[in-house]
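Asker: I am attaching a structure below and will ask some questions about it afterwards.
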Amino acid sequence: MIRQVRHPLVRQDIIGIFEHVLEATRGDLDAAERRLDEIDALLADIAANPVSGVRLEGRLAGWLVRHGGRRHRITIVFRPDPRQELVHIALVAFGGRDWMAAAVGRRDEADHPASRVHSPGWEGG
């Protein structure tokens, strides 16, 4: 099974999305939890097919991006490493966040010693 190595800030990304949805919906916990479920589903899809996605160019060459969830508002930037059976997750973004700029800032930290290995899903990270 493919393991996921997450940038140390990915957990904060996910918590931030949860808090944003909770605030935007005036406390609708179900709506915020649905977004977490969408993130989990997209991470599972990436683990199942880690070489599928839009290939990025320029300073993000070698990285891929996938969009998912309701109205494709969840964005995950990642880099597969099939030889190691790993997927490096750089960031999880929501809505109109400038994910390109954030991903460029994180791409060189993909092998950061503080990165954590996860199976699909965000809990426990």
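Asker: Go over the candidates ASP13, ASP37, ASP28 one by one and state the one that is among the acidic types (Asp, Glu) and surrounded by 18 or more Cβ atoms within 10 Å (Cβ to Cβ).
Answerer: It is ASP13.
Asker: Something else now. Within the bounds of segment 49-65, is there any residue that is closer than 13 Å to VAL92 by Cβ and not small (Gly, Ala, Ser)?
Answerer: Checking segment 49-65: at least one residue is closer than 13 Å to VAL92 by Cβ and not small (Gly, Ala, Ser).
Asker: So which residues in segment 74-99 are surrounded by fewer than 17 Cβ atoms within 10 Å (Cβ to Cβ), in contact (Cβ under 8 Å) with a residue 12 or more places away in the chain and out of contact with any Pro (no Cβ under 8 Å at 6 or more places or on another chain)?
Answerer: Listed by number, the residues that qualify are GLU85, GLY95.
Asker: Going through ARG107, ARG59 one at a time, which residue ends up being buried (at least 17 other Cβ atoms within 10 Å of the Cβ), out of contact with any Pro (no Cβ under 8 Å at 6 or more places or on another chain) and at pLDDT below 95?
Answerer: ARG107
Asker: Which ones in segment 47-56 are without any contact (Cβ under 8 Å) to a residue 60 or more places away in the chain and surrounded by 18 or more Cβ atoms within 10 Å (Cβ to Cβ)?
Answerer: Listed by number, the residues that qualify are PRO50, GLY53, LEU56.
The values are calculated or read from the model by the stated rules, or taken from the named source; none is laboratory data. Predicted model, so just to flag it, every value in this text is computed and none were measured. Glycine gets a Cβ as well: all are built from the backbone with ideal geometry, and neighbour counts include every protein chain shown.
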